[in-house]
1. Looking only at segment 93-109, count how many residues are surrounded by 13 or more Cβ atoms within 10 Å (Cβ to Cβ) and either more than 24 Å from the chain's Cα centre (by Cα) or aromatic (Phe, Trp, Tyr) (or both).
2. Can you tell me how many residues in segment 29-83 are modelled with pLDDT of 90 or more, exposed (fewer than 13 other Cβ atoms within 10 Å of the Cβ) and not in a helix (DSSP H, G or I)?
3. I need the full set of residues from segment 108-149 which are free of Cβ contacts under 8 Å to residues at least 60 places away in the same chain, hydrophobic (A, V, I, L, M, F, W, C) and part of a helix (DSSP H, G or I), in order please.
4. Could you check segment 84-107 and list, in sequence order, the residues that are more than 18 Å from residue 122 (Cβ to Cβ) and outside any loop (DSSP other than H, G, I, E, B)?
5. Under 8 Å by Cβ, and 6 or more places apart or on different chains, what pairs join a residue from segment 46-61 that is farther than 15 Å from residue 15 by Cα with one that is of a type in the set (Gly, Ala, Ser) and assigned to a helix (DSSP H, G or I)?
Amino acid sequence: MTLEEFGTLYTYLAKAYGKEVDDTEFCIWYDFFKKNTSNEFKKAIVEVINERRTFPSIADVKEKIIKQEDEQVNLKADEEWEKVIDSVRRYGWPRPQEALDSLQPITRNIVKRLGYEEICRADAERKMFLRSAFIKSFDSEKEDLLRYKKSNDIDTLEMRLIQERNKDTLTSGINSLVRRISDVVDEEEHNTD
């Protein structure tokens, strides 16, 4: 997602809660969401706005995006192709954006690559070819999504391990400092006696 797209959506989120846009907070949020698409981010913040009375945390919005990814992992290529055909029937070639907006993100991306207008205008034989290309692309993207999800799970686990290690290091450092201060205090009391 571009900085401009994010800026528009983040401002929308902030205004929904009557919150001023803070530059530092804006940058932190962008850092966490720049790898997501604007559609994923928009869908997540709309869900959050509908559910929460107070301004959400980054984790609240991330949770909604992860839920979207989980939903996409369970999609089936042939069922999604039928939804593409339904959107072609419903919206036709004059209303491509409405048709694309009605599809899941993974499906939408493939349809954009294949060409929505191409699907609309294809005869029966060409549609069979496009269906085959769609299913092959869909399965490939779904595999990539699963790999990405798995790597995110691993990253999350590694982050927790790093946090625990840092917590242990910090605790150890504090304990060491307390012992030194205690030794200095004991030595000063011993010297004054």
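The values are calculated or read from the model by the stated rules, or taken from the named source; none is laboratory data. Just so it is clear, the structure is predicted and the values come from calculations on it, not from any experiment. When we count neighbours, we look across all protein chains shown, and the Cβ atoms used for this are built from the backbone with ideal geometry, even at glycine.
1. Residues in segment 93-109 being surrounded by 13 or more Cβ atoms within 10 Å (Cβ to Cβ) and either more than 24 Å from the chain's Cα centre (by Cα) or aromatic (Phe, Trp, Tyr) (or both): 3 in total.
2. Of the residues in segment 29-83, 3 are modelled with pLDDT of 90 or more, exposed (fewer than 13 other Cβ atoms within 10 Å of the Cβ) and not in a helix (DSSP H, G or I).
3. 110, 111, 114, 119, 120, 124, 128, 129, 130, 133, 134, 135
4. At the first step, the residues of segment 84-107 found to be more than 18 Å from residue 122 (Cβ to Cβ) are 97-98, 101-102, 104-106.
Listed by number, the residues that qualify are 97, 98, 101, 105, 106.
5. Within 8 Å, the pairs are 61/44.
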